[in-house]
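Engineer: Just dropping this structure here.
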Amino acid sequence: MIRVLAPPPRADAVELMESPQPRAVMDECLRELAMLNRLLGVRGLVLRYLRRFVRPGDRALTLADVAAGGADLPQSFVHWGRRRGLRIHAVAIDHHPATVAIARDRSAGMPEIEVLLGDARALPLADHSVDVALLTTALHHLSPQGAVQALRELDRVSRRGFVVTDLVRSRAAYLGSRILAQSLLRSPLTRVDGPLSVLRAYTVSEVRALAEAAGLRDVRLARHPLFRLALVKGA
């Protein structure tokens, strides 16, 4: 029984979207990822934590969205802030040049969003230069050493804190991702990468160990529905 319920070993295979892809292929992939962020409640989960960083009297909030993909989350948060009279300036950072180009095109007309090419392990930002740093469904793309570096970088660049959310590796999550990929997704990248992302994801205990290795203090680690976790500092 223990062997059946234990999470599968962590995979170290490279996902398709991490390799050079034609722009049209990446564009379709990023659109489906944005759809999944909406349908699976990822956007709502991150916003739930983000709003805790807003203090009474705030007129503006700066954030860095690391591994931002097509920048769908920064766009959503900017619109959310506009409706509340809160100006959100977002720096969307991604390491993939094609993804950065797509994010810039999709963010055209939104001066609140700046899109940069950069690595989560060495962010192109000064110390304490943003209020909040976000890393959403991306920690699993990094090796344990890379994940520790990224966590330290989020802590370095943020003034108020950070929010890391990601998948949790389990056999049930893998089965669910296979069903979702085959029934809902069309992009060849997301159909293959979705289940692989689950196999590359860290367990809760592994993320706790990563946070300890990064020397982080005053962080909270919580489970959330649909096989997700959140590592949060400051909210």
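The values are calculated or read from the model by the stated rules, or taken from the named source; none is laboratory data. It should be emphasised that the depicted structure is a prediction, and the values quoted were computed from it without experimental measurement. Reconstructed Cβ throughout: ideal geometry from the backbone, glycine too, with neighbour counts over all protein chains shown.
Engineer: Quickly run through segment 96-119 and pick out the residues that are modelled with pLDDT of 95 or more, over 18 Å from Leu61 (Cβ atoms) and assigned to a loop (DSSP other than H, G, I, E, B).
Structural biologist: Ala108, Gly118 - these are the residues of segment 96-119 that are modelled with pLDDT of 95 or more, over 18 Å from Leu61 (Cβ atoms) and assigned to a loop (DSSP other than H, G, I, E, B).
Engineer: Looking at Leu139, Leu167, Leu154, Leu134, which is the one that is over 17 Å from Asn37 (Cα atoms), modelled with pLDDT of 95 or more and among the aliphatic types (A, V, I, L, M)?
Structural biologist: When all the criteria are applied, what remains is Leu154.
Engineer: Determine which member of the set Thr165, Thr203 is under 20 Å from Arg223 (Cβ atoms) and in contact with a Ser or Thr (Cβ under 6 Å, 6 or more places away or on another chain).
Structural biologist: Going through Thr165, Thr203 in turn, the sole match is Thr165.
Engineer: Here's something else I'd like to know. Do we have Ser129 as surrounded by 19 or more Cβ atoms within 10 Å (Cβ to Cβ), among the polar types (S, T, N, Q) and more than 20 Å from Ser76 (Cα to Cα) here?
Structural biologist: Judged against the criteria, Ser129 is not a match.
Engineer: Can you tell me which residues in segment 179-228 are modelled with pLDDT of 95 or more and in contact with a Pro (Cβ under 7 Å, 6 or more places away or on another chain)?
Structural biologist: Leu199, Thr203, Leu210
Engineer: Something else: Which of the residues spanning segment 1-35 are aliphatic (A, V, I, L, M), in contact with a helix residue (DSSP H, G or I) (Cβ under 7 Å, 6 or more places away or on another chain) and modelled with pLDDT of 95 or more?
Structural biologist: Leu30, Leu33, Ala34
Engineer: Show the residue pairs that are 6+ apart or on different chains and have beta-carbon atoms under 6 Å apart, the first residue being within segment 59-78 and farther than 12 Å from Ala133 by Cβ and in contact (Cβ under 8 Å) with a residue 40 or more places away in the chain, the second being surrounded by 24 or more Cβ atoms within 10 Å (Cβ to Cβ) and of a type in the set (Lys, Arg).
Structural biologist: none
Engineer: When you go through Val198, Val219, Val207 one by one, which is the residue that is over 25 Å from Leu16 (Cα atoms) and among the β-branched types (Val, Ile, Thr)?
Structural biologist: The unique qualifying residue is Val219.
Engineer: Give me a count of the residues in segment 53-72 that are exposed (fewer than 15 other Cβ atoms within 10 Å of the Cβ) and either hydrophobic (A, V, I, L, M, F, W, C) or in a helix (DSSP H, G or I) (or both).
Structural biologist: The number of residues fulfilling the criteria is 1.
Engineer: If I ask for residues that are in contact with a helix residue (DSSP H, G or I) (Cβ under 7 Å, 6 or more places away or on another chain), surrounded by fewer than 21 Cβ atoms within 10 Å (Cβ to Cβ) and β-branched (Val, Ile, Thr), which ones from segment 178-214 would you list?
Structural biologist: Matches in segment 178-214: Val192 only.
Engineer: Looking at segment 183-205, I want the residues that are more than 20 Å from His224 (Cα to Cα) and have a partner that is in a helix (DSSP H, G or I) and at pLDDT below 90 with Cβ atoms under 7 Å, at least 6 apart or on another chain. Which pairs are those?
Structural biologist: Cβ pairs passing all conditions: Leu189/Leu16; Leu189/Met17; Val192/Leu16; Asp193/Leu16; Asp193/Met17.
Engineer: Going by the structure shown, is Leu216 in contact with a strand residue (DSSP E or B) (Cβ under 7 Å, 6 or more places away or on another chain) and assigned to a strand (DSSP E or B)?
Structural biologist: No; evaluated as a whole, the condition is false for this residue.
Engineer: Ok, one more. Would you be able to tell me the number of residues in segment 113-143 that are within 17 Å of the chain's Cα centre (by Cα), of a type in the set (Gly, Ala, Ser) and farther than 25 Å from Pro195 by Cβ?
Structural biologist: The total comes to 3.
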